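Worksheet: the structure to be examined is printed underneath.
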Amino acid sequence: MPHRPTVPRRPLRLPLLALAAALGATLVTCSGDPSPGSGPPAAKAASPPSTGDAGLLHDARQLLLRDCLRRHGFAYTVFPLDEESAAARFPYVVDDADWARRHGYGGELDRRAARLAADDPNRAYFAGLPPDRRARALVVSNGPSPQGLSVRLPGGGEVRRSDRGCVAEAERRLYADLGAWFRASTRVDALDRVRRSRVVAEPAYTARLREWSRCMRAADRPYATPADARAAATGPERSLPHDREVALALTEAGCADSSGLGAAARRLDARHGAALRAEYRADVDTRDRLRAGALTRARQILRTSRAS
């Protein structure tokens, strides 16, 4: 069914048709990739909305989606905004010992999110629809094809999606200028990958990474990169028990501090983030302007919903 919002959150509770819907409604064609495929997970290049603002936009969008789908004869249960994942919180290295002590690499949080996904009422509802109704729900939600909106990405590639369907209607209601919002927000979101690739290519980063790896080996944790350590702790094939996951994450955090990797990553991330915001200032300004207007509309949508 409808796409999830592009906010850095943990794995999202997708209704049954969400992945198929995303494929049906959004087409990405790549002519270049500015980052190495083995790089760390993405984090935002330009400032995302605050937690409160993101929640407002999410909740209003959910209500609009629900109402649109109802008008077309389909049920839809709204869901809360998902929590931020450890990978999004720590895109380069886990460097917060207090967080690591509580959550390790976030494996338990991810498993809880997976359980919530399995219990998603939308999943059961759409699974129970006849095939022709499921196909109709896909079109109603995301439009008949990924046509109508398109944008060229920084570093190469193009994203296209439909300007029809309930997802488009909800975003048009929120952001007013759907085309401008789609182009600006998609380009700004794509800066994550560009910034990340620039950070990990910096000699200052790779030098600290070598020091981090030496520190981990000295602690009998022979991992070349933080991504390797995270995969060993939380990989899909085999994950560590929580106490061992926490112990490994704490070792990573200690080495991030003593090696200077955490500090170097934060410094370089801020520097390249500022440079990219300046380079794509028009997109950032458009995204922020449209989002500010959407917040006003979101508050009104929520007030109206509570009053009804």
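Where a number appears in this text, it was derived from the coordinates with a stated rule and is not lab data. Given the structure is predicted, the values throughout are model-derived calculations rather than measurements. Here Cβ is always computed from backbone atoms with ideal geometry, including for glycine, and neighbour counts include all displayed protein chains.
Here are some notes:
- The stretch 59-89 versus the stretch 213-252: alpha-carbon centroid distance in Å: 35 Å
- Distance between the modelled labels on Arg244 and Arg152, one decimal in nanometres: 5.1 nm (7 Å Cα→Cβ projection).
- Take the Cα of Ala263, step 7 Å toward its Cβ, do the same at Arg303, and the gap between the two points is 4.9 nm.
- Whether the stretch 68-198 is rounded, prolate or oblate, judged on the alpha carbon gyration tensor where a/c under 1.5 counts as rounded: oblate
- Under the combined filter of DSSP loop state and at most 11 neighbouring Cβ atoms within 10 Å, the stretch 204-285 retains these trypsin sites (Lys or Arg not before Pro): Arg238.
- FRET efficiency, Ala270 to Thr206 (Cβ-Cβ, R0 22 Å, nearest 0.05): 0.75
- The order of the peptides 85-95, 120-130, 179-189 by mean Cβ neighbours within 10 Å, most packed first, is 85-95, 179-189, 120-130.
- Ranked list, fewest to most other Cβ atoms within 10 Å of each Cβ, for Leu109, Leu153: Leu109, Leu153
- Of the residues Ser305, Ser213, the one with the fewest other Cβ atoms within 10 Å heads the list, and the complete ranking is Ser305, Ser213.
- Cα gyration tensor category, rounded, prolate or oblate, for the stretch 216-308 with a/c compared to 1.5: oblate
- If you plug the beta carbon distance of Ala227 and Arg111 into 1/(1 + (r/R0)^6) with R0 = 25 Å, you get a FRET efficiency near 0.80.
- When only the Cβ of Lys, Arg, Asp and Glu is charged (+1, +1, -1, -1), the dipole of the stretch 57-151 relative to its Cα centre reaches about 560 debye.
- Between His72 and Ala180, the FRET efficiency from the beta-carbon distance, with R0 = 25 Å, is close to 0.40.
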